[in-house]
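Asker: The structure under discussion is supplied below as structure tokens; questions concerning it will follow.
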Amino acid sequence: MRDDLFRLNDIKEHDPRVRAWFDDLGDSPRQMVKPWFARLRICGDDVREVLHDGCPTACVGDVAFGYVNAFMGHAAVGFFHGASLPDPKRLLEGTGKRMRHVKLRPGAEEDMMAMTALIDAAYEDIKRRIAQTSPVPPPLAGGG
């Protein structure tokens, strides 16, 4: 199977650059995504983080599965394999081959349960993808 995983370097359990990104208390869109990045972090003990392309990014090991970003009028929670995630509430936007994101706007109500379900699905999806691309060890010689 071809490895379509997006692997990153310099992954940390707690990247100080990610913390600094959220420290701008005057940036309302950054504050909007702060709880969602916290939710990405607690998906599992194997979740790590990195600031990639200026965005806090959550990884399982070195494999990215979710990110947050902030813009002038909105914020986004994105998923590297979002196109394959179940999205019954149709929150995901984008037309790329793999990536999708949810736009969050100031004053708009968020569907907490649907967002949490997307995050959980993205985490489970990336764990499955990692397991499918990991080489299978050869059988032990002389098994008996």
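The values are calculated or read from the model by the stated rules, or taken from the named source; none is laboratory data. Computed from a predicted structure; not experimentally measured. Virtual Cβ from ideal backbone geometry, glycine too; neighbours counted across all protein chains shown.
Asker: Pull up segment 16-45, narrow it to residues that are free of Cβ contacts under 8 Å to residues at least 24 places away in the same chain and part of a loop (DSSP other than H, G, I, E, B), then point me to the one that is nearest to V102 (Cα to Cα).
Answerer: Among residues in segment 16-45 that are free of Cβ contacts under 8 Å to residues at least 24 places away in the same chain and part of a loop (DSSP other than H, G, I, E, B), the one nearest to V102 (Cα to Cα) is I42.
Asker: Would you check if there is a residue in segment 55-77 being over 18 Å from K127 (Cβ atoms), aromatic (F, W, Y) and outside any loop (DSSP other than H, G, I, E, B)?
Answerer: Looking for residues that are over 18 Å from K127 (Cβ atoms), aromatic (F, W, Y) and outside any loop (DSSP other than H, G, I, E, B), one finds none in segment 55-77, hence no.
Asker: From the list A122, A114, which residue is farther than 19 Å from T57 by Cα, surrounded by 13 or more Cβ atoms within 10 Å (Cβ to Cβ) and aliphatic (A, V, I, L, M)?
Answerer: Values: A122 fails: farther than 19 Å from T57 by Cα.
One residue alone meets the criteria, A114.
Asker: For segment 103-111, does any single residue satisfy the condition of being at pLDDT 95 or above, under 14 Å from the mean Cα position of the chain (by Cα), among the basic types (K, R) and surrounded by 15 or more Cβ atoms within 10 Å (Cβ to Cβ)?
Answerer: no
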